[in-house]
Amino acid sequence: MNEAGQKATLRFDRLDALRGVAIVWMALFHFGFDLSHFGLLSPKQNFYTDPFWTWQRSAIVSLFLFTAGLSQAVALQQGQGWARFWKRWAQVAGAALLVSLGSWLMFPDTFIYFGILHGIAAMLIVVRLTAGWGVWLWPLGALAISMKWVAPLVIGV
């Protein structure tokens, strides 16, 4: 038991380190974006089309989603209760709202209304509610992935 009288859980140093790499990499990426946006990088970088930046963006997003999924699997395996889940979820959702607010203040015409943190908040709920579904998650996951191609056929677009 810890000081708050809660069951102590194991930490996974490598998972924490991987999450730390994702956070530092993301901060450096956004720092570079900001420097370029304010004209402090010479030459100005194109963060939207230059493969150097777009590949990094994809890798950072993938690393964030990978570590979030691993973390949720660990939490479920360790028997994380709903109260602790909602506390963590509120932190992620609150950060997502701050991202929306901050981006709206900076870029009111193109602000982030649904970004990575918003997606993680939504996915955490889905993962939590479907964690006990066992082998049914495989066909449902395949169905979810196929929706990009199946949905237009179903709705006639």
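The values are calculated or read from the model by the stated rules, or taken from the named source; none is laboratory data. All of these numbers come straight from a predicted model, not from anything done at the bench. Every residue, glycine as well, gets a Cβ built from its backbone with ideal geometry; the counts of neighbours run over all protein chains shown.
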Selection status of ILE112, under 16 Å from HIS30 (Cβ atoms), surrounded by 15 or more Cβ atoms within 10 Å (Cβ to Cβ) and β-branched (Val, Ile, Thr): yes
Going by the structure shown, is THR130 touching a helix residue (DSSP H, G or I) at 6+ places or on another chain (Cβ under 9 Å) and without any contact (Cβ under 8 Å) to a residue 12 or more places away in the chain? yes
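So that you can scan it fast, the table gives a plain yes or no per residue for (1) closer than 23 Å to ILE60 by Cα; (2) touching an Asp or Glu at 6+ places or on another chain (Cβ under 6 Å); (3) modelled with pLDDT of 90 or more:
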| position | (1), (2), (3) |
| --- | --- |
| TRP104 | yes, no, yes |
| ALA122 | yes, no, yes |
| VAL126 | yes, no, yes |
| THR130 | no, no, yes |
| LEU137 | no, no, yes |
| ILE145 | yes, no, yes |
| ALA151 | no, no, no |
| VAL154 | no, no, no |
| VAL157 | no, no, no |
